[in-house]
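Notes for the one structure printed next.
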Amino acid sequence: MTAEGRVRLRVLVVEGDEGARRRLHACLESLEPGVAIEEAASAPQAWPQVVAFAPDLVLLDIELPAAAAMAPPRRGDWPCLVVMTERCDRALPAFELEAIDCLVKPVQRERLAEALRRVRRRLAERRVAELALEIAGAAAIARGEAMTRTASPASHYPDQMTIRVRRRMFALPVADISWIEGASQYSRVHAKGGEYLLSRSLASLECELDPARFFRIHRSAIVNAAYVREVMSRGDGRYNVYLHGGVALPLGRGRRDTLHRLLGGMKRGGDSPLQRNVSSA
């Protein structure tokens, strides 16, 4: 908290030009006493900092290579986003929909101050909603722990995954997870309620998931069998796994038979559509 009783902002500046980063840093410090600032020179460099630093605001130059990957999901937990560009009328549609403000470079102090006021209002709205989620999440986690204590050895896999994003924690039903993608020590959980970036490896999450329901189809993806629509040959000896909703993921070599058994095609002994597609190469 600041001396005025305001919550200190945490800002991640994603800007390729070092001089521009320095100017933004100095301007932020003058407008927001006590502000915590981290910097990144590229969008890929910014991803780990979004998880580790948990910023309230990302100031992003959308003209950087791969900047489109930083567009916030339509649902799910994500920092407030203010984009910077030479012409706001050319802002990418994803940012036009989700960004709180668009600043023309070089960024003027008055416009940055206005953007920060908008961010403050958005954060206040979020905290009211998050308080209700925290209360509901704590109750759900308590129920989940009670279930775990009474569960039989055969059902020791949890029905909920505890998600900690920024300043809140909630229980995500495992059944709502469609798939999880991994990148080094980070994972992105794709679920009904949105997408969540976690500072945990795919291997650590895999250990907590029921292997009868979740399957690692290649080294960087785990899928929930309940969301798999079909597996189809690509015609070159490789296969794609198609999920409900249109997501297509490559199936790693050597994993086809295990996935087939998981989905029940071989156990049923019938010639299901899934089985025909897998066998038709």
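Odds and ends about this structure:
- Under the combined filter of DSSP loop state and at most 15 neighbouring Cβ atoms within 10 Å, the range 171-234 retains these GluC sites (Glu not before Pro): Glu208.
- Spin-label model distance (nm) - Ala203 vs Gln108, 7 Å beyond Cα toward Cβ: 5.4
- Full extension of the chain between Glu29 and Arg255 yields a length gain of 76.1 nm, computed as 0.36 nm times the residue separation minus the alpha carbon distance.
- All Cα-Cα separations within the range 180-224 were binned at 5 Å from zero, giving a P(r) of 6, 24, 34, 26, 10, each value a whole percent of the pairs.
Where a number appears in this text, it was derived from the coordinates with a stated rule and is not lab data. What you see is a predicted model; the values in this text were computed from it and never measured. Using ideal geometry, Cβ is built from the backbone for each residue, glycine included, and neighbour counts are taken over all protein chains shown.
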